[in-house]
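The values are calculated or read from the model by the stated rules, or taken from the named source; none is laboratory data. These numbers were taken from a predicted model, which means no experiment stands behind them. Positions of Cβ are backbone-derived with ideal geometry, glycine not excepted, and every protein chain shown enters the neighbour counts. Only protein heavy atoms, including side chains, enter the accessible area calculation; ligands, DNA and RNA are left aside. Shrake-Rupley method; radii C 1.70, N 1.55, O 1.52, S 1.80 Å.
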Amino acid sequence: MLATGAAVTTALAQVDREKIYQWINELSSPETRENALLELSKKRESVPDLAPMLWHSCGTIAALLQEIVNIYPSINPPTLTAHQSNRVCNALALLQCVASHPETRSAFLAAHIPLFLYPFLHTVSKTRPFEYLRLTSLGVIGALVKTDEQEVINFLLTTEIIPLCLRIMESGSELSKTVATFILQKILLDDTGLAYICQTYERFSHVAMILGKMVLQLSKEPSARLLKHVVRCYLRLSDNSSPHTRAREALRQCLPDQLKDTTFAQVLKDDTTTKRWLAQLVKNLQEGQVTDPRGIPLPTQ
């Protein structure tokens, strides 16, 4: 009985794989592509080797890039429809699958495929099709940085991803802000990324200004998840390591009061990790600070 059950499972898996192969082939034809995109995007979590299958099959990546390029004309002026957005987001979901797989990630970066997504991150329209497009595009970059691979950070630092994320962090939807802040956080947590942002005052001040605006906004419209990423970014900028002491000095001058008082006590009451990060941030900024005899910090020279 058990053997029969195993045989049936194997047969079903084989049928399923045959369907996957069929859909991948159907991506090459404009007539069958839309349905194939939909079906494959549904299966991407359940087929562990889908990314190599997509990457190594003839014409598949070209077909996915064609889907992306096809909607560039709908970006400016912003005429993107919900149907167009859903279709291209299915293509982006498959690219995210390729971006996050260890066998295909390096080739994905070497082909500079993330750059095809940047025009979507430049959009500012607040309509749902555009929000969905931006969020899904950010998801591809988020999948890359989640791997904590040095080559990913090195690649991203040669592109305009930081200013793009900062703009979305300032004016996107809460979900888009959260993913954009997560991407910045991952870049900052890498030593090369931190050094890059702290290399010039302009870069550092731009990041600090946007984070400050976000704290102000979060004090009016709290989101524990978004606040967690913002605090982690601040904590990394306050890092004690010697090359970045100037960044820490500057941060002392511009850290929002809301992070020093009890503004977020209620939001963080059950979040011990973020509370610990916040306490460490305040401690980092107090260390080495010159005070007068009453313990009041003196301005830096």
(request) Starting from the stretch 70-95, take each residue that is free of Cβ contacts under 8 Å to residues at least 12 places away in the same chain and list its partners that are part of a helix (DSSP H, G or I), counting only C-beta distances under 7 angstrom and pairs at least six apart or across chains. (result) Ser74/Gln84
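Hey, any hits in the stretch 165-172 for a residue that's open to solvent by 40 Å² or more (accessible area, probe 1.4 Å) and among the small types (Gly, Ala, Ser)?
yes
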(request) Hey, can you tell me all the residues within the stretch 123-158 that are surrounded by 14 or more Cβ atoms within 10 Å (Cβ to Cβ), more than 16 Å from Leu184 (Cα to Cα) and not hydroxyl-bearing (Ser, Thr, Tyr)? (result) Pro129, Phe130, Glu131, Leu133
(request) Output the number of residues of the stretch 99-119 satisfying the condition of being open to solvent by 10 Å² or more (accessible area, probe 1.4 Å) and among the polar types (S, T, N, Q). (result) 2
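Determine if the stretch 84-98 includes at least one residue that is under 21 Å from Glu34 (Cβ atoms), small (Gly, Ala, Ser) and exposed (fewer than 13 other Cβ atoms within 10 Å of the Cβ). Steps first, answer last, please.
Filtering the stretch 84-98 for residues under 21 Å from Glu34 (Cβ atoms) gives 84-98.
If we keep only those that are small (Gly, Ala, Ser) as well, we get 85, 91, 93.
Within this subset, residues satisfying the condition of being exposed (fewer than 13 other Cβ atoms within 10 Å of the Cβ) are none.
No, every residue in the stretch 84-98 fails to be under 21 Å from Glu34 (Cβ atoms), small (Gly, Ala, Ser) and exposed (fewer than 13 other Cβ atoms within 10 Å of the Cβ).
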(request) Of the numbered conditions (1) open to solvent by 50 Å² or more (accessible area, probe 1.4 Å); (2) assigned to a helix (DSSP H, G or I), Asp261 fails exactly one; give the number of that condition. (result) (2)
(message) Out of Leu65, Leu12, I need the residue that is modelled with pLDDT under 95 and among the aliphatic types (A, V, I, L, M). Which one?
(response) Leu12
